[in-house]
Amino acid sequence: MTTPADPKQAPSTMAPLRDPVFRMLWMAWLAANVTMWMNDVASAWVMTTLTDSVFMVAMVQAASTLPVFVLGLPSGALADIVDRRRYFAVTQLWVAATALVLSALAFADGLSAPLLLALTFANGIGMAMRWPVFAAIVPEVVPRHDLSAALALNGIAMNMSRIVGPVVAGMLLASVGSQYVFLLNALLSIIAFVIILRWRSEPKVSALPGERFFGAMRVGLQHVVQSPRMRVVLLRIFGFFLQSSALLALLPLIARKLEGGATTFTALLAAMGAGAILTALFLPRLRRGISRDEFVAWGTGVHAVAALLVVLAPNIWLAMPASALAGMAWIATANSLTLAAQLALPNWVRARGMSIYQMALMGGSAVGAALWGYVASLTTVSVSIAIAAALGPLLLALTRHLSVGGGPDADHTPVPPAGRAPEPIIEIAPNEGPVMVTIEYLIDPSAAAAFNAVMQKTRRARLRQGALSWGLFRDTTLPGRYIEYFLDENWIEHQRRLERFTAADAGLREQRLSFHLGPDEPRVQRYVGEPMATQHVAPSVPPAPI
């Protein structure tokens, strides 16, 4: 781990690279993203040679991003319950296999527009699998104070790949053909696979068995739904990528309008990546005195203006600076929202939470690509991008009361719960349940409104930890006496709650206890669901006829 930075100084963007583990994983991430951009550029350009349909060209990006929307949550659940190192490595083998199939078909001249879309979708499955696990790994190997810089470096990797990938792909497309682009993709994916296997991750230490797949997905989705900060982040990232996807999806057609070929398309993508990299290098300094909400607002507005400048530019020399400006706005907005999401999630559910975040991101991108491609087919490319540019700031204005950075970030450091639950004196099977917990509070009736507000926070916290249901009841005969209850799925899930207890939960517990007036702590009782035996009643026999 890197040493803590001086709080009076902005951390260096490059500081996380001093950690050998992060540096190794960052190199694998860079290689993985280079393959992604090479595939997307080659696929988008090959599609323009297979069909004249504007809609089909735009659908290449939709096919690339849709798998993340469809498979994001299952992928995140797997990344939280299996060995993350091995899972990350397997994703690279998937991408390599898909690239080899694309290369073989390109060599045999066997690609068609529908087949290319199908294989682009298959390549997107690899991205859907690898993104949540990498997002969950980064906070494990990087100190909290360096997390923003690490995320900026991830953005640099993404945008370096946006330059390197398209440049290499463009050179190969212009010289030897798309089949060699896909072949190189397979080679880079195998290199990333080898790099990942060199990392020796620390295994999770738990006396409990791993979570079940479908249960893990339920808990992950429930955690995000019950997190006010995450709900706002998801809305913001969906809206921004719904807007920004128009420029990226229609960029091949803008390049053709500028009377350029693959070189022009590559140059516009490279300019966008260069702008993003330049901004990422200075993000820690730019953040001083500027809130995440301000970053998102400025980024959304600047990207809208930049997209209009790109599509209206009469030549590539004016389009490239505008494309670079779009890249600057893109990285500033995406980094702010990614940081907000990472800080809103505890480690035990991080991959699932970030997979849902990525689903919203890619969902906005996929919907936007299809929508703006359809609008362009009915009107023009310029009109489609103009409508997208207006939509983003409009959505932001309509939801300006929502914040992704209001108030301090919760401390998700794991801590042991105060006290210890009494050991059960009856035998309980691990999967026996449900388990009901009741907690009795005695409070001053005049403080009922304040107590209710704290219990609303408690409700969200219990549900985020995986409870099936929660309720609060007041006694009809004794004012100020309240009973809180919540249900866990089974005894194992009830025990797992102890492993999910964080410093933020401890702080909320202290708030609840501050209202309790009894001489002892609130009374806690635990009940296990009793299986009801089915009684078989013999059917009545009608009397025999006389």
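The values are calculated or read from the model by the stated rules, or taken from the named source; none is laboratory data. In this text, all values refer to a predicted model and were calculated from it rather than measured experimentally. All Cβ positions, glycine included, derive from the backbone under ideal geometry; neighbour counts span all protein chains shown.
Here are the numbers for this structure:
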item: Pick from the range 235-277, criterion farther than 19 Å from Val381 by Cβ and surrounded by fewer than 24 Cβ atoms within 10 Å (Cβ to Cβ), ranking: modelled with the lowest pLDDT; result: Thr263
item: Some residue of the range 99-110 being without any contact (Cβ under 8 Å) to a residue 60 or more places away in the chain and within 22 Å of the chain's Cα centre (by Cα); result: no
item: Top-ranked residue of the range 281-314 - restricted to ones that are among the basic types (Lys, Arg) and not in a helix (DSSP H, G or I), ranked as farthest from Val381 (Cα to Cα); result: Arg288
item: Scan of the range 388-433 for residues that are touching a residue at least 40 places away in the same chain (Cβ under 8 Å) and not in a loop (DSSP other than H, G, I, E, B), ordered by number; result: Ala388, Ala389, Ala390, Leu391, Gly392, Pro393, Leu395, Leu396, Pro414
item: Residue match in the range 213-226 (condition: under 28 Å from Val296 (Cβ atoms), surrounded by fewer than 24 Cβ atoms within 10 Å (Cβ to Cβ), at pLDDT 80 or above and in contact with a Lys or Arg (Cβ under 6 Å, 6 or more places away or on another chain)); result: yes
item: Residue check for Glu489: crowded, with 20+ Cβ neighbours inside 10 Å and in contact (Cβ under 8 Å) with a residue 24 or more places away in the chain; result: no
item: Residue satisfying all of: in the range 48-74; of a type in the set (S, T, N, Q) and within 15 Å of Gly363 (Cα to Cα); surrounded by the fewest Cβ atoms within 10 Å (Cβ to Cβ) among these; result: Ser64
item: Residue within the range 75-96 that is buried (at least 24 other Cβ atoms within 10 Å of the Cβ), among the hydrophobic types (A, V, I, L, M, F, W, C) and more than 15 Å from Leu188 (Cα to Cα) present; result: yes
item: Condition met for Ala122 (more than 23 Å from Gly363 (Cα to Cα) and in a helix (DSSP H, G or I)); result: no
item: Single unsatisfied condition, Arg481 versus (1) farther than 30 Å from Val296 by Cβ; (2) of a type outside the set (S, T, N, Q); (3) in contact with a Leu (Cβ under 6 Å, 6 or more places away or on another chain); (4) surrounded by fewer than 15 Cβ atoms within 10 Å (Cβ to Cβ); result: (4)
item: Residues that are among the hydroxyl-bearing types (Ser, Thr, Tyr) and either within 16 Å of Val181 (Cα to Cα) or not in a helix (DSSP H, G or I) (or both), drawn from the range 50-66; result: Thr51, Ser53
item: Number of the condition not met by Ala262 [criteria: (1) touching a Gly at 6+ places or on another chain (Cβ under 6 Å); (2) closer than 30 Å to Ala344 by Cα; (3) hydrophobic (A, V, I, L, M, F, W, C)]; result: (2)
item: Residue ID - modelled with the highest pLDDT, chosen from residues in the range 357-397 that are closer than 13 Å to Ile237 by Cβ and of a type in the set (Ser, Thr, Tyr); result: Tyr357
item: Failed item, numbered, when Ala42 is tested on (1) small (Gly, Ala, Ser); (2) modelled with pLDDT of 70 or more; (3) not assigned by TED's automatic domain parsing to the domain that holds Leu111; result: (3)
item: Some residue of the range 313-335 being in contact with a His (Cβ under 9 Å, 6 or more places away or on another chain), among the β-branched types (Val, Ile, Thr) and closer than 27 Å to Arg231 by Cβ; result: yes
item: Filtered residue count, the range 434-466, keeping only those that are assigned to a helix (DSSP H, G or I) and at positive phi; result: 0
